[in-house]
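Notes follow once the structure below has been shown.
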Amino acid sequence: MAEFTLVAETGRPIGSRPARRLRGEGRIPAVVYGEGVEPVSVSVAARDLRAALNTDAGVNAVLSLQVGGTTLMTMARELQRHPVKNTVIHVDFQVVDPDREISSEVPITLVGEAIELHRADGILDQQLFALPIRSRPSDIPTHLEADISELIIGSAVRVSDIVLPPGVITDLDPEAVVAAGQAPRVQEAVEGAEGEEEVVGAEGAAPAGGEPAAESGGEEG
């Protein structure tokens, strides 16, 4: 089940300065926690962590973490990244039970081609990019597919249209929109301009049965 094995070194000093020193040595500060496990501060090799998280499973990869003389099944959670470089600067490893359900988010991939939408110069608007799910660690899919082949202007692909693998459930509203077909921007702009013209015309119209009311020219003498 675990695709990668990471060796975690224990006994790392706490604090921002030691953490910077560790990163300079090519190691990432981390914490291991979970039910029945006392939280412990560790560090892992940055190169090994990148390799573990760059698989199709991404952050949902199940990792075999060697801590001292113990091997724990974990998943990388709460990744902190550098604000500019976007590199991982800290990670929490959550210990997971292979037989117990956990929560995770799985990316949504749009498949198919919305031919009719394209013919109408419509716009594909993806509104949901990941689906929150619950499953056992071994049942977490690398991605979920949403078919947009039948999408037209005014229609939508919803959460209920996504086929979930066995053992995977979601608590998200089945009617939540994943992707929608929108009208062309030019058409929307034209309709908006026409609406403004109607409002202006209505404001300048003469009262029924008479001439437009004259504006006040000043104070009476």
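The values are calculated or read from the model by the stated rules, or taken from the named source; none is laboratory data. Here the structure is a predicted model, which means the values were calculated and not measured. Cβ: placed from backbone, ideal geometry, glycine included. Neighbour counts: every protein chain shown.
For region 116-144, which positions are of a type outside the set (Phe, Trp, Tyr), surrounded by fewer than 14 Cβ atoms within 10 Å (Cβ to Cβ) and touching a residue at least 12 places away in the same chain (Cβ under 8 Å)? 121, 125, 127, 130, 132, 138, 142 - these are the residues of region 116-144 that are of a type outside the set (Phe, Trp, Tyr), surrounded by fewer than 14 Cβ atoms within 10 Å (Cβ to Cβ) and touching a residue at least 12 places away in the same chain (Cβ under 8 Å). Inside region 2-46, residues that are on the phi < 0 side of the Ramachandran plot and not in a strand (DSSP E or B) make up a count of 17. Check whether at least one residue in region 151-166 is part of a loop (DSSP other than H, G, I, E, B), crowded, with 17+ Cβ neighbours inside 10 Å and in contact (Cβ under 8 Å) with a residue 60 or more places away in the chain, and report yes or no. Checking region 151-166: not a single residue is part of a loop (DSSP other than H, G, I, E, B), crowded, with 17+ Cβ neighbours inside 10 Å and in contact (Cβ under 8 Å) with a residue 60 or more places away in the chain. Taking first residues from region 38-57 that are assigned by TED's automatic domain parsing to the domain that holds residue 19 and partners that are in a helix (DSSP H, G or I), the Cβ contacts under 7 Å between residues at least 6 apart in sequence or on separate chains come to 43/22; 53/59. Being outside any strand (DSSP E or B) and in contact with a helix residue (DSSP H, G or I) (Cβ under 7 Å, 6 or more places away or on another chain) is the filter here; which residues of region 47-85 pass it? Scanning region 47-85 gives 53, 59, 61. Scanning region 57-73 turns up one or more residues that are under 25 Å from residue 141 (Cα atoms), modelled with pLDDT under 90, of a type in the set (A, V, I, L, M, F, W, C) and out of contact with any strand residue (DSSP E or B) (no Cβ under 9 Å at 6 or more places or on another chain).
Restricted to region 139-173, and to residues that are of a type in the set (Asp, Glu) and more than 22 Å from residue 125 (Cβ to Cβ), which residue is farthest from the chain's Cα centre (by Cα)?
Selected residue: 139.
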